[in-house]
């Protein structure tokens, strides 16, 4: 007979406190700039922030341009990733907190338009830089 501890069947919703954590309080009403959002780590960082810090004011995500898709199309595809399935059921409007800006870390001034660059400079309090090159032959 197998014996399982209660922790093996931990229901995460039962462990969530009604009080805000220090992290949730810190990020309340903050604007975040996230690089590398389309990568493995970046997508998890964004999902965790949106799910646990519901009082975020805005998250800017930097996406490179694509020859085949416009930024809006890429964002729709991005949010169709299974990582966001839980968010879709818990908070169907989570994506409204995310603003996608077109740029490239390899370019001067991140390749941002003047308007986006100034908006990010003026409003951002926290930066998560999780972008990386995956071209290991460079």
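Here segment 26-43 is the region considered, the condition is being more than 12 Å from the chain's Cα centre (by Cα) and part of a helix (DSSP H, G or I), and the residue that is surrounded by the fewest Cβ atoms within 10 Å (Cβ to Cβ) is 26.
Would you pick out the residues in segment 78-95 that are out of contact with any strand residue (DSSP E or B) (no Cβ under 9 Å at 6 or more places or on another chain) and either part of a helix (DSSP H, G or I) or surrounded by 15 or more Cβ atoms within 10 Å (Cβ to Cβ) (or both)? Steps first, please.
Keep residues of segment 78-95 that are out of contact with any strand residue (DSSP E or B) (no Cβ under 9 Å at 6 or more places or on another chain), which gives 80-95.
Listed by number, the residues that qualify are 82, 83, 84, 85, 86, 87, 88, 89, 90, 94, 95.
Tell me, yes or no, whether segment 67-74 has at least one residue that is touching a residue at least 40 places away in the same chain (Cβ under 8 Å) and either out of contact with any helix residue (DSSP H, G or I) (no Cβ under 7 Å at 6 or more places or on another chain) or closer than 24 Å to residue 105 by Cα (or both). No; the residues of segment 67-74 include none that is touching a residue at least 40 places away in the same chain (Cβ under 8 Å) and either out of contact with any helix residue (DSSP H, G or I) (no Cβ under 7 Å at 6 or more places or on another chain) or closer than 24 Å to residue 105 by Cα (or both). Could we say that residue 76 is under 19 Å from residue 36 (Cα atoms) and at pLDDT 90 or above here? Considered against the rule, which asks whether it is under 19 Å from residue 36 (Cα atoms) and at pLDDT 90 or above, residue 76 comes out as no.
Of the residues 62, 46, 50, 75, which single one is surrounded by 16 or more Cβ atoms within 10 Å (Cβ to Cβ) and in a strand (DSSP E or B)?
Working: 46 fails: in a strand (DSSP E or B); 50 fails: in a strand (DSSP E or B); 75 fails: in a strand (DSSP E or B).
Checking each option against the conditions leaves just 62.
The values are calculated or read from the model by the stated rules, or taken from the named source; none is laboratory data. Here the structure is a predicted model, which is why all the values come from computation and not from measurement. Reconstructed Cβ throughout: ideal geometry from the backbone, glycine too, with neighbour counts over all protein chains shown.
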